[in-house]
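The values are calculated or read from the model by the stated rules, or taken from the named source; none is laboratory data. The structure displayed is predicted, hence computed values, not measured ones. With ideal geometry, Cβ positions are generated from the backbone for all residues, glycine too; neighbour counts draw on all protein chains shown. With ligands, DNA and RNA removed, areas are computed over all heavy atoms of the protein, side chains included. Shrake-Rupley method; radii C 1.70, N 1.55, O 1.52, S 1.80 Å.
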Amino acid sequence: MSADQDQYWMQYALQLAEKAEQSGEIPVGAVLVKDGEIVGEGWNQSIQLHDPSAHAEMQAIRQAAGQIENYRLLDCTLYVTLEPCAMCAGLLVHSRIKRLVYGARDAKTGAAGSVIDIVRHPVLNHQLEVTADLMAEQCAAKLSDFFKRRRAEKKAARQSKEE
């Protein structure tokens, strides 16, 4: 894929992250693309679905596997606004996704190079091509703005209780 196509799809993933944020979820979005077409998309829905596995990547991959009618998502690229966690990275390997493109690094739980590197681990039966830091500032700002607002809301709620 060209750099322009990567930018286009990451911008799309950011729009999906907005859907998560609008429903009170941590704003992460993911889109799975094959041959220039969307085969799956998702955004964080763990709170809404009461499901700790309902991360954006999981949602996109589940949708794509259903659409393609195969759990092996060969020749697909996943665009996600935040570096995948270990759970999601394991799913990327098992689903045989070809390429991962992510925006913001996750220094606490990132499993595509920041903390650990599951998606390129040499002993696993599949490794992904990885492009990191695409539109990293925009992706990171979306997350940090969300958490700043959330902290401010909690502080305001505590202050109103004290009054």
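A few comments on the model shown:
- When residues in region 75-88 are screened for being assigned to a loop (DSSP other than H, G, I, E, B), open to solvent by 10 Å² or more (accessible area, probe 1.4 Å) and either closer than 22 Å to TYR8 by Cβ or touching a Cys at 6+ places or on another chain (Cβ under 7 Å) (or both), 1 of them pass.
- Qualifying residues in region 46-69 (those that are among the acidic types (Asp, Glu) and over 17 Å from ARG99 (Cα atoms)) - the one most open to solvent (accessible area, probe 1.4 Å): GLU69
- One residue alone among ASP75, ASP106 is at positive phi and in contact with a strand residue (DSSP E or B) (Cβ under 8 Å, 6 or more places away or on another chain), and that residue is ASP75.
This table checks each residue for (1) more than 18 Å from VAL31 (Cβ to Cβ); (2) touching a residue at least 60 places away in the same chain (Cβ under 8 Å).
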| site | (1), (2) |
| --- | --- |
| VAL101 | no, yes |
| ALA104 | no, no |
| THR109 | yes, no |
| VAL115 | yes, no |
| LEU134 | no, yes |
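- Subset of region 1-50 [of a type in the set (A, V, I, L, M, F, W, C), in a loop (DSSP other than H, G, I, E, B) and within 26 Å of LYS148 (Cα to Cα)]: ILE26, VAL28
- The one condition in (1) surrounded by 16 or more Cβ atoms within 10 Å (Cβ to Cβ); (2) touching a residue at least 12 places away in the same chain (Cβ under 8 Å); (3) charged (D, E, K, R); (4) more than 22 Å from LEU14 (Cβ to Cβ) that ARG72 fails to fulfil: (1)
- In region 95-110, the condition of being within 15 Å of the chain's Cα centre (by Cα) and part of a helix (DSSP H, G or I) is met by no residue.
- Within region 107-149, tally of residues that are among the β-branched types (Val, Ile, Thr), open to solvent by 30 Å² or more (accessible area, probe 1.4 Å) and touching a Gly at 6+ places or on another chain (Cβ under 9 Å): 3
- Pairs where the first residue, in region 43-63, is at pLDDT 95 or above and the second is in a helix (DSSP H, G or I) and of a type in the set (Ser, Thr, Tyr), C-beta under 6 Å, 6+ apart: PRO52/SER46; ALA54/SER46
- Of all the criteria given as (1) over 19 Å from THR131 (Cβ atoms); (2) touching a Phe, Trp or Tyr at 6+ places or on another chain (Cβ under 9 Å); (3) open to solvent by less than 70 Å² (accessible area, probe 1.4 Å), the one not satisfied by LYS19 is (3).
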